[in-house]
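Worksheet: the structure to be examined is printed underneath.
The values are calculated or read from the model by the stated rules, or taken from the named source; none is laboratory data. No experiment lies behind these values; they were computed from the predicted model shown. Methodologically, a virtual Cβ is constructed for each residue, glycine included, from the backbone with ideal geometry; neighbour enumeration extends over all protein chains shown.
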């Protein structure tokens, strides 16, 4: 007889991650979606299913987004776009946009793989979607990011690295 799975807590959430390009076509980034879903700190979210889209794009496209939404005319590594409140048991937290080119430069500078850097960026962006802000929270986001990185086997995160290396 198969062992029954323990009942889910009524407040427990599960993250479903979609990884695609800017046109919505699937992008193969082995392990990223599953890793982010496993590491996500969703206790404060509630509900059964929460979704996030990770868009892997170019420096050119992310520079345009950065200029439009933040008034900064340069490429960056990751941008987070919260979706707001969606009704119902399943809700979309928002979209993360990551520049593959900038991530590759960071990976070379940090001495690790592109796959590792994409995880660092996705975790950082997810924490922003969850409402954390390292520029205004007296170190709370940095502490949570550090704990989750250790748990997920990642090296130093963006906050610890200091100013962007783009």
Counting only residues that are without any contact (Cβ under 8 Å) to a residue 40 or more places away in the chain and within 13 Å of the chain's Cα centre (by Cα), region 109-126 contains a total of 3
Listed by range, helices (runs of 4 or more DSSP H) wholly within region 70-165 having at least 2 residues that are at pLDDT 95 or above are 100-110, 114-129
Just one listed residue, out of 104, 122, is surrounded by fewer than 19 Cβ atoms within 10 Å (Cβ to Cβ) and in contact with a helix residue (DSSP H, G or I) (Cβ under 9 Å, 6 or more places away or on another chain), and it is 104
Filter pass, residue 53 being surrounded by 15 or more Cβ atoms within 10 Å (Cβ to Cβ), modelled with pLDDT of 95 or more and more than 16 Å from residue 123 (Cβ to Cβ) = no
